[in-house]
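Below: the structure, in structure tokens.
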């Protein structure tokens, strides 16, 4: 199964402000261009990882991540974005058997500190 993600921020470095709610929208279709069914995945995981590989934030399906109408929405409240600096963020889908698929996206993320 292949997944094509249409990420609303495009390729390259993504930026966001510390202590500001983060909402991402990702359109999803299968490798043939068909709309992905709502029951196609057992889990969808979004994570922000430090340069040393520690997971700073992890959100799963129904805990900050929703999937409906072939679109993933990730929401992280401002109270959970206390870190700043360079990180990596990625979105991983799990098939119906629970196997992780290759990341739909994996990009550098810079979180700008707020005074």
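With the simple model of a label 7 Å out from the Cα in the direction of the Cβ, residue 52 to residue 37 spans 4.5 nm.
In angstrom, the C-alpha Rg and Dmax of the chain are 14.0, 47. Rounded to the nearest angstrom and listed largest first, the equivalent-ellipsoid semi-axes of region 56-115 from its Cα gyration tensor are 24, 14, 10.
Read the figures in this text as sums done on the coordinates, not as results from a lab. Keep in mind the model is a prediction, meaning the values are calculated, not measured. Positions of Cβ are generated from backbone atoms using ideal geometry, with glycine treated the same way; all protein chains shown enter the neighbour counts.
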